[in-house]
Amino acid sequence: MQTIIGINPTQVWGATAVPEYQLGDAAAYDDPSLGHQEFVFGRAAGAVTGAGYAAVEATGFDFAMVSVTTTAPGASGFGSRVGVAMAALADNEYGWFQVYGKANLRTLASAAKGTRLNSTATNGALDDDGTAGSEAIFGVVLGTATGGAEATNADAILNYPSVGTTL
């Protein structure tokens with residue numbers, strides 16, 4: 001597989017469009033302020049609310065927002081790839097999902113820096129709450145703690161995240 005250079009990671013293609021990329025294409029982007037980043041080209045399996053929302057690869061490069069339902073055994077389950085959406089996507093729209101490098105990640109309130117993150121009941125958001133029945137998300141670490149009482153996007157480092165064990 002060859003890596004594509006020089007993409008626009010926030011570009012979205014409509015559900016009926018014929019994108020210039022193939023599902024599963026890998027791309028690299030070197031941002032002067034964020035460093036090296038890597039992406040996978042995928043399709044939204046259901047709406048993806050916005051940039052920074054975590055999504056799990058359901059089947060064949062179709063990404064659904066991470067939740068305790070989509071990461072559960074029997075759904076996507078253990079070992080499934082997790083990416084961070086670079087833009088809001090409607091159902092069946094095409095776009096890029098970040099899998100490596102510094103990212104902007106949706107978290108729930110008061111997630112701590114450097115802790116294990118897991119899926120939650122809130123679609124697309126990760127947290128460090130350790131709720132029984134959620135799945136650990138390996139390969140992602142918050143670079144800054146999130147404060148306050150509301151969900152927010154926070155700096156994170158991605159290292160090819162995947163669904164881990166059920167808590």
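Listing for the model above:
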item	result
Evaluated over the chain, the Cα radius of gyration and Dmax, each in Å	14.6, 43
Formal net charge of residues neighbouring Gly46 (Cβ-Cβ distance under 12 Å; K, R +1; D, E -1)	-2
Net lengthening on full extension, Ser33/Ala121 (0.36 nm per residue, minus Cα-Cα)	28.4 nm
Ala132/Thr16 FRET efficiency (R0 35 Å; Cβ-Cβ; nearest 0.05)	0.25
Whole-angstrom Cα spans of the range 63-122 along principal axes, big to small	33, 29, 20
Neighbourhood charge, 12 Å Cβ-Cβ cut-off, centred on Ser33 and excluding it, Lys, Arg +1 and Asp, Glu -1	-2
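No value in this document is a laboratory result; all are computed from the given coordinates. Being a predicted model, the structure only gives us computed values, none of them experimental. In this analysis, Cβ positions are derived from the backbone assuming ideal geometry, glycine residues included, and neighbour counts consider all displayed protein chains.
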